[in-house]
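Single-structure report; data block below.
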Amino acid sequence: MDATQWLWAAIAAGVLAVLYGVLSTTTILRLPPGNARMQEIAAAIQAGAKAYLNRQYSTILVVGIVLFLVIGFSRLGWPTAGGFAIGALLSGLTGYIGMNISVRANVRTEMFMPM
């Protein structure tokens with residue numbers, strides 16, 4: 001396979017992974033969220049996870065900006081810095097979405113693991 005075919009294969013694999021993620025998310029989040037006490041605990045976990053991510057990402061943002069500037073002013077140049085910024089933003093977004101979905105899905109596991 002030449003480089004173009006590998007590129008299209010990688011894009012197709014990425015699209016399939018995103019579709020699987022959307023399907024899994026919708027399937028899991030359609031399950032019942034449990035009783036009132038379980039939902040109360042889940043809400044506290046969600047609030048804690050959100051606070052954690054906000055604090056972590058505010059620190060990472062400062063480091064990312066510094067690295068962006070260092071890369072931009074180096075021999076690598078601004079196109080490379082732009083690629084770094086896009087990758088960092090998408091990576092952060094992935095982490096945020098993953099944490100959000102996982103803490104919302106956790107309360108639904110009781111259905112499969114009775115207490």
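The values are calculated or read from the model by the stated rules, or taken from the named source; none is laboratory data. Here the structure is a predicted model, which is why all the values come from computation and not from measurement. As a convention, Cβ positions derive from the backbone with ideal geometry for all residues, glycine included, and neighbour counts pool all protein chains shown. The area values use the complete protein model at the heavy-atom level, side chains included, leaving out ligands, DNA and RNA. Shrake-Rupley method; radii C 1.70, N 1.55, O 1.52, S 1.80 Å.
Remark: pairs (first residue in the range 32-49, under 16 Å from Ile101 (Cβ atoms); second residue part of a helix (DSSP H, G or I) and of a type outside the set (A, V, I, L, M, F, W, C); Cβ separation under 6 Å; 6+ apart in sequence or on different chains) = Pro33/Gln39. Against the criterion of being open to solvent by less than 50 Å² (accessible area, probe 1.4 Å) and either modelled with pLDDT of 90 or more or of a type in the set (Asp, Glu) (or both), Gly34 does not qualify. In this structure, Ile65 does not qualify as within 19 Å of Val107 (Cα to Cα) and open to solvent by 70 Å² or more (accessible area, probe 1.4 Å).
If you check Ala81, Ala105 for being at pLDDT 95 or above, open to solvent by less than 60 Å² (accessible area, probe 1.4 Å), in contact with a helix residue (DSSP H, G or I) (Cβ under 7 Å, 6 or more places away or on another chain) and of a type in the set (Gly, Ala, Ser), only one passes: Ala81.
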